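Participant: Encoded as structure tokens, here's the structure I'll be asking about.
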């Protein structure tokens, strides 16, 4: 039988929502951490009233500024990582515990000091790299460190109020990250299910098309030839029978001998139709074929449709004559199969009959062409095959 075409490759399964979310989880924390580092350095150096100590403050500003750049580069290049977040939180906890010598008392109330901003930033960025439970726990540790640092600095009210704010931030940030992760997983799950269904559809469509092609080949070769012999349309020792039998065997059992061409490669349609004419040696068939080149897949469809039409002529229009014509314009290629046989009533053809419906009409439709049957009882038959995508 004809070789079964391989199913087209489906798009590889991926997680586009997860990949997009991972990118956001890298860019957003990196951006806010870097901007916070620059702002913290500027604000910290602007307010240095006692008991702020210059050396610890300068050291903290230098370390945190350098770390902000390292955090940014590592996160942008490699994504948000737990080890980067843990180092960041360790530096923040250290700054919180040392608030007594790093932050002036008059700017500490209200959570407006640079250490308070640093603590909030670290809590938020930590949620992007850690699991929800771990992120919340780390946020609580930072809030506790801020509380202890504020108490050591003599700011008990600030210790309670802003620590509570940091705890709330921990839960809110963790909840937001959890929802976005869950939404991303749901979107990827839907996309994966779509890909799987799409691939199954593609495979099923390819299998159906392969089955239809094999049925057409079988119908148009051995079954057609045997039917012609059975109806007396072909003599058992005729040259036409020998030519058809040889061609049928090559088509069905030796597909490897047929050239495999790029479907878009241009071939000579008139040469393909001359091969069809050879199958009807001895039958009163007149061919008028203008030179014409079309894509190989189109040439195959038109030639096989014309062959099926001529087979119908031999089987059903006994003692008739037939014409095969090929002409083309700048806009279309037209092939006509004409006979002066008895004709038939198209409306009376049963739906299970395969020849015209599949071997001609469906075959032409598969390459973007059309097939029109003009016939009536007693008036012969004209089969008009047209492919209009000529360039």
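Participant: So what is the diffusion coefficient of the stretch 259-387 in µm² per second by Stokes-Einstein at 37 °C and 0.692 mPa s, using a Kirkwood Rh over Cα pairs? Walk me through the intermediate numbers first.
Facilitator: Details: Rh = 14.8 Å.
In µm²/s, the coefficient rounds to 221.
Participant: Can you compute the FRET efficiency between residue 365 and residue 106 using 1/(1 + (r/R0)^6), with r the Cβ-Cβ distance and R0 = 56 Å? Round to the nearest 0.05. Intermediate results must be reported in sequence, preceding the final value.
Facilitator: Working: r = 84 Å, r/R0 = 1.50.
After rounding, the FRET efficiency stands at 0.10.
Participant: Length gain on complete extension for the stretch residue 55 to residue 275, per 0.36 nm per residue less the alpha carbon to alpha carbon distance? All intermediate terms of the calculation are to be shown ahead of the outcome.
Facilitator: Values: separation 220, 0.36 × 220 = 79.20 nm, distance 9.64 nm.
Extending this stretch completely gives an extra 69.6 nm.
Participant: Compute the length gained on full extension between residue 117 and residue 327: take 0.36 nm times their separation in residues and subtract their Cα-Cα distance, giving the result in nm to one decimal.
Facilitator: Details: separation 210, 0.36 × 210 = 75.60 nm, distance 8.14 nm.
67.5 nm is the gain from fully extending residue 117 to residue 327.
Participant: Could you list 71, 34 in order of exposure, starting from the residue whose Cβ has the fewest other Cβ atoms within 10 Å? Write down the numbers at each step before the final one.
Facilitator: On the way: 71 24, 34 19.
The order, fewest Cβ neighbours first, is 34, 71.
Participant: Listing 84, 32 from the residue with the fewest other Cβ atoms within 10 Å to the one with the most, what is the order? All intermediate terms of the calculation are to be shown ahead of the outcome.
Facilitator: Details: 84 22, 32 14.
Neighbour counts put them in this order, fewest first: 32, 84.
Participant: Testing the spin-label approximation: label points 7 Å from Cα along Cα→Cβ at residue 198 and residue 268. State their distance in nm.
Facilitator: 4.3
Participant: May I ask for the distance between the Cα centers of the stretch 69-93 and the stretch 115-159, given as a whole number of Å?
Facilitator: What the calculation gives is 16 Å, centre to centre.
Participant: Taking each pair of different alpha-carbon atoms in the stretch 10-105 once, compute 1/r for the pair, average those values, and report the inverse of that mean as the Kirkwood hydrodynamic radius in Å to one decimal. Spell out each step's value before the answer.
Facilitator: On the way: mean 1/r = 0.0669 Å⁻¹.
This gives a value of 14.9 Å.
Participant: Kirkwood Rh, Cα Rg: Rg to Rh for the stretch 16-192? List each step's numbers first, then the result.
Facilitator: Details: Rg = 16.9 Å, Rh = 16.5 Å.
Taking Rg over the Kirkwood Rh, I get 1.02.
Participant: Then there's this: So, R0 is 41 Å and r is the distance between the beta-carbons of residue 69 and residue 156; what FRET efficiency does that work out to, to 0.05? Mind showing how you got there, number by number?
Facilitator: Working: r = 36 Å, r/R0 = 0.87.
So, using R0 = 41 Å, E works out to roughly 0.70.
Participant: Next question. With each pseudo-label sitting 7 Å past Cα toward Cβ, what's the residue 132-residue 87 distance in nm, one decimal?
Facilitator: About 3.0 nm separates the two model spin labels.
Participant: Using a basic spin-label model with each label point 7 Å from the Cα along Cα→Cβ, how many nm lie between residue 372 and residue 191?
Facilitator: Once both label points are built, they end up 4.8 nm from each other.
Participant: Could I ask something else about it? Ranking 201, 375 by Cβ neighbours within 10 Å, fewest first, what do you get? Present the calculation step by step, with values, prior to reporting the outcome.
Facilitator: Details: 201 11, 375 17.
Result, fewest neighbours first: 201, 375.
Participant: Given R₀ = 45 Å, FRET efficiency for residue 349-residue 19 by Cβ-Cβ distance, to 0.05? Numbers along the way, then the final one.
Facilitator: Values: r = 55 Å, r/R0 = 1.22.
The calculated FRET efficiency here is 0.25.
A short reminder: the numbers here are calculations on the coordinates, not readings from a lab. As the structure is a prediction and not an experimental result, all values here were calculated from the model. Here the Cβ is made from the backbone with ideal geometry for all residues, glycine too, and neighbour counts use every protein chain on show.
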